[in-house]
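J.: A single structure is presented below for examination.
No value in this document is a laboratory result; all are computed from the given coordinates. Remember, predicted model here, so these are calculated numbers, not experimental data. Here Cβ is always computed from backbone atoms with ideal geometry, including for glycine, and neighbour counts include all displayed protein chains.
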Amino acid sequence: MNRLRYLPRILCPLLFFPIMVVGQEFQSGYYESFDHTRIHFEIEGTGQPVLMLHGFTGTGSEWKGKPVTDSLLAHGKQVILVDLRGNGLSDQPESPEKYADNAEARDLIGLMSYLGIQKYDAVGYSRGSIILASLLVRDPRIQKAVIGGMGADFTNPDWPRRVGFYQALMHDTIPGYEDFRKYIARKGLNPLVLAAQQKEQPSTSEEALANLNLPVLIICGREDQDNGKGTDLQALIPGSKFTEVPGTHNTARNSPEFAHEVVNFLDD
């Protein structure tokens with residue numbers, strides 16, 4: 001979709017900033033969501049929109065300069081980078097209620113409507129894939145989806161990994177998370193904000209996934225054991241494809257092989 005169709009819908013000049021980067025128009029701004037939480041987004045390129053969803057403690061800007069993003073732009077796609085609520089330049093409420101009832105998916109549905117986008121593809125990685133699963137069952141405008149770095153474990157509302165992170169963020173005496181706590185302290189992140197995200201993280205049911213009817217690619221690193229088996233998730237989504245690329249959970253998405261698989265899938 002050509003950006004010119006939705007540019008007139010951006011009404012507030014204080015919330016939308018066109019910038020020229022390397023001869024290509026680059027846009028950033030804020031969308032005020034259903035509960036007045038401000039969601040930061042950035043857009044680059046033209047063509048079929050591709051919404052990119054980052055992982056836990058991440059930001060949309062982390063996709064910049066990565067092989068997958070560069071490849072999408074080179075193939076004529078428009079990439080939309082979002083700071084999910086509680087992250088980056090978006091508002092960061094501490095209250096768990098602000099993340100309940102699929103709030104992040106609702107943010108994204110509203111954002112894409114705000115931008116006037118009628119059809120789009122989506123790529124998620126790690127926790128971004130969990131949010132993408134929630135989005136897939138709620139927004140029929142998605143044409144194709146890539147679920148990266150994720151197995152089927154998140155479908156369990158009592159997923160021990162989620163519960164463990166929540167407890168570690170709320171109580172700094174929980175053993176086994178020392179490196180994680182050092183990491184968030186080094187990045188200057190708010191533990192209460194992160195805890196709220198984990199407490200209210202959506203767990204899309206197996207039944208809901210079984211009702212999906214669109215092309216889905218599940219892609220994981222060969223050494224990624226963090227979030228369950230990608231083949232288990234593939235078994236839950238009718239007609240989905242599974243592939244592996246080199247790397248661990250933290251490195252696979254940055255590989256040329258990941259970029260190749262994603263672009264080929266979306267172009268097919």
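J.: Give a residue-ordered list of calculated ³J(HN,Hα) values for region 45-54 (Karplus: 6.51 cos²θ - 1.76 cosθ + 1.60, θ = phi - 60°; whole Hz; x for Gly, Pro).
T.: For region 45-54, the Karplus-derived couplings read x, 10, x, 4, x, 10, 7, 10, 10, 7 Hz, x marking Gly and Pro.
J.: Check cross-link reach from Lys182 to the lysines: straight Cα distance under 24 Å, and skip same-chain residues fewer than eight apart.
T.: Lys182 reaches Lys199.
J.: Next up: Which label marks the calculated value of Cα Rg over 2.2 N^0.38 Å, given the options (i) 1.10; (ii) 0.96; (iii) 0.90?
T.: (ii)
J.: A further question on this structure: Between Gln198, Gln234, Gln27, find the one with the highest GNM mean-square fluctuation for the chain; connect C-alpha pairs within less than 10 Å.
T.: Of Gln198, Gln234, Gln27, the Gaussian network model singles out Gln27 as fluctuating most.
J.: Under 22 Å Cα-Cα from Lys144, which lysines qualify once same-chain neighbours fewer than 8 residues away are excluded?
T.: Within the straight-line limit of under 22 Å, Lys144 reaches these lysines: Lys64, Lys66, Lys77, Lys119, Lys229, Lys241.
J.: Based on other C-beta atoms within 10 Å, arrange Phe34, Phe180 from fewest to most.
T.: Working: Phe34 10, Phe180 16.
Starting with the residue having the fewest Cβ neighbours, the order is Phe34, Phe180.
J.: When a/c is below 1.5 the answer is rounded, else prolate if a/b is larger than b/c, else oblate, so apply that to region 99-197 with a ≥ b ≥ c taken from the square roots of the Cα gyration tensor eigenvalues.
T.: On the way: a/c = 2.45, a/b = 1.99, b/c = 1.24.
Since a/c reaches 1.5 and a/b is larger than b/c, the shape of region 99-197 is classed as prolate.
J.: Next up: Ranked by Cβ crowding within 10 angstrom, fewest neighbours first, how are Glu42, Glu94, Glu62 ordered?
T.: On the way: Glu42 23, Glu94 13, Glu62 20.
By the 10 Å Cβ count, ascending: Glu94, Glu62, Glu42.
J.: Continuing with the same structure: Could you check the spin-label model distance between Val163 and Ser113? Points 7 Å from the Cα along Cα→Cβ, value in nm.
T.: My value for the distance between the label points is 3.6 nm.
J.: Working out 0.36 nm times the residue gap between Ala74 and Arg141, then minus their Cα-Cα distance, what length gain in nm do you get to one decimal? Please list the in-between numbers first.
T.: Details: separation 67, 0.36 × 67 = 24.12 nm, distance 2.34 nm.
So the chain would gain 21.8 nm between Ala74 and Arg141.
J.: Still on this model: Only helical DSSP H runs with n ≥ 4 go in: add -39500 (n - 2.57) per run for the chain, normalise by residue count and round the 222 nm mean residue ellipticity to 500 deg cm²/dmol.
T.: Numbers: 9 runs with 84 residues, N = 268.
Rounded to the nearest 500, the figure is -9000 deg cm²/dmol.
J.: Next question. Can you tally the net charge around Glu244? Count Lys and Arg as +1, Asp and Glu as -1, for every other residue whose Cβ sits under 10 Å from the Cβ of Glu244. Walk me through the numbers on the way to the answer.
T.: Values: positive: Arg222; negative: Glu223, Asp224, Glu257, Glu261.
Here the charged neighbours net out to -3.
J.: Ok, one more. Give me the number: length gained by fully extending Asp267 to Asp172, i.e. 0.36 nm times residue separation minus the C-alpha to C-alpha distance, one decimal in nm. All intermediate terms of the calculation are to be shown ahead of the outcome.
T.: Numbers: separation 95, 0.36 × 95 = 34.20 nm, distance 4.60 nm.
Length gained, Asp267 through Asp172: 29.6 nm.
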